[in-house]
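Before any comments, here is the structure.
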């Protein structure tokens, strides 16, 4: 008979951390290999994300991918643990219905869809253009939700045609700049930064008093990555 | 008052552990716990607090330590001033305790901050005094303004931000007090577990109510529960690192019935011996956060005696 004292309570578990790529798959992403550069950059970042997750076993990193073009759809709709996550290439065609994408994200930020003990989610929006629908409606739906408001929101602009104002509104914090990538190398750096440095910060936040919480709330947004000044702009 | 009510039913134990995440990052434990067995069997006071730990609250470990000290002192004072009229006591506690706790903590924090600025020569590591655009010389730093504006006070209090949960258990009633995240569980004799102070909605992503926010006394959740010979055998008070470590609410609530069973079967001394190890295991395989856990429990159903207060 086992007379040892067993730890009180039920099953233990690390805290879920939802990381969502929100990717622009409009037709303009075909130009100059932008969509392929995005595919390559995210694929390269996956092993690095696994390393970050491994360093903090108290956070369970769960990945989803949303694509928007004419309409918006989940590319990977069920949260996949980073340990099992494999990147599947995106293809580009159609319009830039960002508003629909943000509405879909908002659905997943509802209290009923989030575990109360979850860590602040990370939302990374990558876009090369102008929204073709009313993106403000979708953004409002997202920002009306506590989890949407407190999510860490990162915006990456691909090329000079990307509307920075839209991305700034998505970020909602003047202290976090839009990251503009004008070539594949810089895009890769920003993608890696968002998927590793930001992820690491989001996986071990402190608490913060309720008043005045904005983007990321209690998550410290780390220093931005340096980019080479000699790289040629191709987008 | 009958004999049952005159009996001294309560005992106390508690522990805190640094979170696994904090251990890895080299950060200190920002949780605090303090309890006191009041003289003349007036009651037991237990408080836990969780310093925010974010960069805007660099002294939150001190804020948490001050919070539990203030709570224990004020709840002890309440028992000294209370008469036999429970209704009057309830009214007084409900009306005054939240304000007194918040104000008492703020006063202690401001005094601590003043002391810190006067004594610490490493002024650069400390926040600037209101009105200074550069780090003041030590003699200037000592000139801490006596009268601070609300905004100035707010900036200082935020640096020490903390939650606070407390229990006062006497032979006639118990009081539950909560400001911010964390959990107070009540365990009945049949092992059923409840959380009388319901969780606030609308908070997410480690956001919490706090002692440091303006008019935070309005956010205090409070319960005054008279006892009529049916007092629950166990009250648990924990910072949120504990509940956040469990996969489900049911799994967390099971700590209540499990601790009650262990106290009855093996006695408080055995439980106390294992408590730190259990909490460390819970943080390691769970939230990774600091955990402070205190238990106020009835002694008559337990197989050991002799626990006292401490921190």
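Each reported figure results from applying straightforward, stated rules to the coordinates on display, with no laboratory input. Because the structure is predicted, anything quoted here is derived from the model rather than measured. With ideal geometry, Cβ positions are generated from the backbone for all residues, glycine too; neighbour counts draw on all protein chains shown.
Brief remarks on what is shown
- Springs between Cα atoms under 10 Å define the GNM used for chain A, and in it the highest mean-square fluctuation of A:109, A:223, A:49 occurs at A:223.
- Antiparallel DSSP beta bridges within the protein assembly as shown, as percent of all bridges there, nearest 5: 65 percent
- When chain A is treated as a Gaussian network with alpha carbon springs shorter than 10 Å, the biggest mean-square fluctuation among A:12, A:179, A:145 belongs to A:12.
- Extension gain for residue B:115-residue B:25 works out to 29.5 nm (0.36 nm per residue, less the C-alpha to C-alpha distance).
- Residues of segment B:70-93 with amide N under 19 Å of the 7 Å Cα→Cβ point at residue B:200: B:71
- Helices in the protein assembly as shown, meaning DSSP H runs of at least 4 residues, each add -39500 (n - 2.57). Divided by all residues, the mean residue ellipticity at 222 nm is -10500 deg cm²/dmol.
- Sorted largest first, the spans of the alpha carbon positions of chain A along the three principal axes are 70, 34, 30 Å.
- Cα-based Rg and Dmax for segment B:162-248, where Dmax is the largest Cα-Cα distance (Å): 13.8, 41
- Pairwise centroid distance, computed over Cα atoms, of segment A:77-100 with segment A:159-189, Å: 19 Å
- Here the calculated FRET efficiency for residue A:93 and residue B:250, from their Cβ-Cβ distance with R0 = 35 Å, stands at 0.15, rounded to the nearest 0.05.
- Computed lengthening from residue A:36 to residue A:84, 0.36 nm per intervening residue step minus Cα-Cα distance: 15.1 nm
- Antiparallel %, DSSP beta bridges [both residues in segment A:1-90], to 5: 40 percent
- Exposure proxy ranking, count of Cβ atoms within 10 Å, fewest first, for A:15, A:6: A:6, A:15
- The C-alpha atoms of the protein assembly as shown occupy a region whose extents along the principal axes are 86, 68, 38 Å, arranged from largest to smallest.
- C-alpha center-to-center spacing [segment A:7-67, segment B:214-286] in angstrom: 35 Å
- Estimated inter-spin distance, residue A:224 and residue B:188, nm [label 7 Å along Cα→Cβ]: 5.9 nm
- Cα long-axis angle, helix A:98-108 against chain A (0 to 90 degrees, to the nearest 10): 10 degrees
- Distance between modelled label sites at residue A:44 and residue B:94, nm, 7 Å Cα→Cβ extension: 6.4 nm
- Against the main long axis of the alpha-carbon atoms of chain A, helix A:34-55 sits at an angle near 20°.
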